[in-house]
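Read the structure below first, then the notes.
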Amino acid sequence: MTAQTMEELVSLCKRRGFLFQSNDIYGGIKGLYDYGPMGVEFKNNLKQAWWKSMVYERDDTEGLDASILSSPVVLKHSGHEDTFTDPLVDCRACKSRWRADQLFENNKCPNCKSEDLTEPRPFNLMFKTAIGPVDDGSSFAYLRPETCQQIFTNFKNILDSTSRTVPFGIAQMGKAFRNEITPRNFIFRVREFEQMELEFFVKPGTDDEWHEYWINKRIEWWVNQGIKKENLKKIEVEKNELAHYSKRTVDINYVFPHGEEELEGVANRTDFDLGSHTKNQKDFKITSEVMKNSSSTTKLAVQDLEEKKWYIPYVIEPSAGVDRGVLALLNEAYREENVDKDSKRILLSLKPHLSPIKAAVIPLKKNNEELVNLSKEIKSNLQKLGLGRVVLENSGNIGKNYRRHDEIGTPICLTVDFETLEDKSVTVRDRDTMKQERVSIENLSEYYKKYFN
Ligand code: ATP
């Protein structure tokens, strides 16, 4: 079961501290959200899982964390200054603005239903900001609209500082900014978001095979995070809708509460980016239509040791949205269950590695010194195992604590009661089955480690 409506998720996220409207107390800003205490843990866990699978568990990748402010020259050569646009239409009747390709009823304003709309015109989605103390337009930067351009500009730095040879990849996670015309559907389409991107460099001619490999790998990864395979769709992007750099793109769509849309895109970006950013382009046989006459100081090419020739690698890019991942996984994990005739519970049946809180330690009686001290000791010992956040709940209301931890997806709750003082055991309650068992404190670390592995 998933959530039935987006409202159920929005309400849970606010109630339990996953997500808040940004700048809320001053009325909010559209298209911006803040991650609260549970949200930040969940998002970090998701990013960590991606990093682990992309960097730690592979032998052919490196990591990067580059700057967000980007030189206009980079984004000129990447094609973003000229082509990173959406078609904008104005409604002359109510003055609202829309993306022409997202008008649900053709040629009608979604707000007032007027048909008096302007012709679509290109609207560049990049945010600009001044660099330095004088804001006269002469020195500015863009907030990066995708994380990958700095991977391309660092290509040679990474080659020179490691011993990588093609095929290899560079992974990066971080913020990206797009001045979306109509941000909507909660955190699905926002103006500030995070991406997890891998640029995987391959020899031209092997690109189709690597593309297929990454499409399958990424679907498998989302399934491992807890998304049912049948809720993921592989969508071939039509030739006339491909981005300017792409030879072929396959979107991995997810059935969100508002409908099926893109969760991740896996593109074959060819030699477009490295070619566009490369010095002396004419020395290379570049197959894609690149920005001519780069002012770059560096050639972003590698040497083919057998043929003794320099070439520009092709790049396969799996590009996933962190926030869309958060939304999809919350939706997948959402359950509403009848506990008995009169009561219901909501729970997030998240995979334990993603849960914001790994375990809650609950003394049965609030402020009882013996129970609370023992609980603190247990909490601290579990925390030291380094598997994520463990909390102490000293409110004395077991029922309420269980409800709260069900709703934030805590896999286990440990209750320390008066019997614990005698038999040195605690009650462990499982989130999904609600089954309880006694586990001795002595074996708790082992039990806990096993649970999370
Ligand atoms: P869309 O067609 O939905 O606008 P896109 O094709 O422009 O997305 P890409 O440029 O392929 O998106 O970006 C890679 C990923 O970044 C997307 O799959 C998505 O998960 C995420 N992403 C892109 N734009 C946004 C946004 N405005 N808000 C949240 N995530 C986004």
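The values are calculated or read from the model by the stated rules, or taken from the named source; none is laboratory data. Remember, predicted model here, so these are calculated numbers, not experimental data. Cβ sites come from the backbone with ideal geometry, for glycine too, and all protein chains shown count toward neighbours. Areas reflect the complete protein model, heavy atoms only, side chains present, ligands, DNA and RNA absent. Shrake-Rupley method; radii C 1.70, N 1.55, O 1.52, S 1.80 Å.
Partners of residue 128 within straight-line reach, counting lysines whose Cα lies under 19 Å from its Cα and excluding those fewer than 8 residues away in the same chain: 30, 76, 175.
Cα centroid separation, region 249-273 to region 314-338: 12 Å. Computed from the alpha carbon atoms alone, the convex hull of region 1-63 holds 137 Å³ per residue.
Per residue, region 229-279 exposes 43 Å² of accessible surface when a 1.4 Å probe is rolled over the protein heavy atoms with every protein chain present.
Under the definition of Cα pairs under 8 Å and six or more residues apart, what whole-number percent is the relative contact order of the chain? Here the relative contact order equals 14 percent.
Here the accessible area of the chain is 48 percent carbon and sulfur, with a 1.4 angstrom probe and all protein chains present. Under 24 Å of direct C-alpha separation, and excluding same-chain neighbours fewer than eight residues apart, residue 449 reaches these lysines: 43, 47, 52, 351, 358, 376, 379, 384, 424, 435.
Backbone geometry of region 99-109 corresponds, through the Karplus equation with coefficients 6.51, -1.76 and 1.60 at θ = phi - 60°, to 3J(HN,Hα) couplings of 7, 4, 7, 10, 7, 5, 9, 3, 6, 10, 5 Hz, x marking Gly and Pro. Calculated mean residue ellipticity, 222 nm, the chain: -8000 deg cm²/dmol, from DSSP H runs (n ≥ 4) at -39500 (n - 2.57) each, averaged per residue and rounded to 500. Remark: region 191-320 projects, on average over all directions, an area of 10.0 nm² (convex hull of Cα atoms). Remark on region 321-398: hydrodynamic radius 14.8 angstrom, per the Kirkwood mean of 1/r across alpha carbon pairs. Selection among 444, 107, 219 by position relative to the dipole of the chain gives 444 as farthest towards the positive end (Cβ unit charges, Cα centre).
Compute log10 of I(q)/I(0) for region 125-207 with the Debye formula, placing one identical point scatterer on every Cα and leaving out solvent, at q = 0.17, 0.22 Å⁻¹, to two decimals. Here log10 of I(q) over I(0) equals -0.86, -1.03. Taken over region 210-254, the percentage of Cα pairs per 10 Å bin, counting from 0 up to the bin with the maximum distance, is 25, 49, 23, 2. Taken over the alpha carbons of region 29-100 as equal point scatterers, the Debye sum produces base-10 log I(q)/I(0) values at 0.20, 0.22 Å⁻¹ of -1.03, -1.02. Listed values for region 202-214 are Karplus-derived 3J(HN,Hα) couplings in whole Hz (6.51 cos²θ - 1.76 cosθ + 1.60, θ = phi - 60°), namely 9, 6, x, x, 9, 5, 5, 5, 5, 4, 4, 4, 6, and x replaces Gly and Pro. Can you bin region 67-147 into rounded, prolate or oblate? Criterion: square roots of the alpha carbon gyration tensor eigenvalues sorted a ≥ b ≥ c, rounded for a/c under 1.5, prolate for a/b above b/c, oblate for the rest. Judged from the Cα gyration tensor, region 67-147 comes out prolate (a/c at least 1.5, a/b above b/c). The length gained by stretching the chain between residue 93 and residue 451 to full extension, at 0.36 nm per residue less their Cα-Cα distance, is 122.9 nm. When the Cα atoms of region 268-323 are aligned to their principal axes, the ranges along those axes come out at 43, 29, 19 Å in descending order. The convex hull defined by the C-alpha atoms of region 309-442 has an orientation-averaged projected area of 12.4 nm². Binning all Cα-Cα separations of region 53-191 at 10 Å, short to long from zero, yields these whole-percent fractions: 10, 28, 27, 21, 10, 3, 0. Note on the chain: Cα Rg divided by 2.2 N^0.38 Å, N the number of residues, gives 1.13.
Cysteine residues of the chain whose Cβ has no partner cysteine Cβ closer than 4.7 Å: 13, 148, 413.
Please return the longest range in the chain lying between exposed loop sites, taking GluC sites (Glu not before Pro), DSSP loop only, at most 15 other beta-carbon atoms within 10 Å, and leaving the sites out. Longest run free of exposed loop sites: 308-453.
Entry comment: accessible area of region 327-453 is 49 Å² per residue, from protein heavy atoms only and a probe of 1.4 Å.
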